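Could you have a look at this structure, given as structure tokens, before my questions?
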Ligand SMILES: C[S@@+](CC[C@H](N)C(=O)[O-])C[C@H]1O[C@@H](n2cnc3c(N)ncnc32)[C@H](O)[C@@H]1O
């Protein structure tokens, strides 16, 4: 994720790395590679899915109860919510009825916070589906948000239903380092949209090639556009609040949170990640 200093997994398997800035909390625990490998085999997947599952288990489990209200995490969520709302408006979701009727899939939904927010906004949970490689995160999502259909599995192997009005792909492709797999994920996401539907995309992107690590790599804009089969993305302004700024402003007595939200909303400090939507 944005600002993420990608950990070198092989060198620090049991440490509590800081991890992705918007999503990872510091209470990572050790890996369980054999369990992950068995799951990957059972699902007919190769080492790649297993590696990604292991990576996210290290970063996200066990869940830090304070994570959602830490300044940076909270502001990242708020900022992303503003972009989702903006995208929905641009694609014609104009009323409560439109929102209620929306069918949405989130690929790599993690603990389900984005879908839970859509429900809070008024979306009908029975129209929402989330899929994620990590079963424990899917369990968290189910506990967080009743009524949404949450599926544990690889999007490339899982029948998620559809078609959907909106598919969300947030912070997923940076941890998929194989270009062919990224292409397949993107094709699958686009194929699940109804005509005129929209893929909402959010991730760390860069203009120049990023050396990355074996398990984390920013996308270049050219690469991203290359996965879209000729479709043109609608980019929003780079969309991420710097952690150091958030952590200084939010704790200010009384005005901190308000000031940080205003600074984000008017576009200051939004410097690291990219939000885009792509019409089917
Ligand atoms: C950084 S998390 C993002 C979670 C959520 N989208 C959010 O914005 O809070 C990325 C998630 O993508 C999931 N993921 C990666 N590749 C996947 C695949 N092929 N199929 C399903 N989920 C995948 C990982 O398991 C991980 O939970």
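Would you mind ranking 84, 69 so that the residue whose beta carbon has the fewest other beta carbons within 10 Å leads the list?
Result, fewest neighbours first: 69, 84.
Let me ask something else about it. Using the per-residue mean of other Cβ atoms lying within 10 Å as a proxy for protection, in what order, highest first, do the peptides 56-63, 228-235 fall?
Top to bottom by mean Cβ count within 10 Å: 56-63, 228-235.
Please find the FRET efficiency linking residue 97 to residue 248, where r is the Cβ-Cβ separation and R0 is fixed at 35 Å, and quote it to the nearest 0.05.
With R0 = 35 Å, the Cβ-Cβ based efficiency is 0.25.
Moving on. Using alpha-carbon positions, what is the distance between the centroids of the range 145-169 and the range 84-125, in Å?
13
Same structure, new question: Taking every DSSP beta bridge that has both residues in the range 43-279, what percent is antiparallel when rounded to the nearest 5?
35
If you line up the Cα atoms of the range 43-279 on their principal axes, what length do they span on each, largest first, in Å?
Computed over the range 43-279, the largest-to-smallest principal extents equal 52, 45, 38 Å.
While we're here: May I ask you to compute the full-extension gain from residue 89 to residue 183, defined as 0.36 nm times their residue separation minus their alpha-carbon distance, rounded to one decimal in nm?
Working: separation 94, 0.36 × 94 = 33.84 nm, distance 2.75 nm.
This chain segment gains 31.1 nm when fully extended.
What order do you get for 252, 133, 173 when you list them from fewest to most C-beta neighbours inside 10 Å?
252, 173, 133
Once you wrap a convex hull around the alpha carbon atoms of the range 129-234, what is its projected area averaged over all directions, in nm²?
Mean orientational projected area (the range 129-234, Cα hull): 7.3 nm².
When the expected Rg is taken as 2.2 N^0.38 Å, what fraction or multiple of it is the alpha-carbon Rg of the range 204-259?
That ratio works out to 1.64.
Can you check how the C-alpha radius of gyration of the range 101-170 compares to 2.2 N^0.38 Å, as a plain ratio?
Working: Rg = 10.6 Å, N = 70, 2.2 N^0.38 = 11.1 Å.
Ratio of Rg to 2.2 N^0.38 Å for the range 101-170: 0.95.
Laboratory data are not the source of any read-out in this text; all were calculated from the coordinates shown. Computed from a predicted structure; not experimentally measured. When we count neighbours, we look across all protein chains shown, and the Cβ atoms used for this are built from the backbone with ideal geometry, even at glycine.
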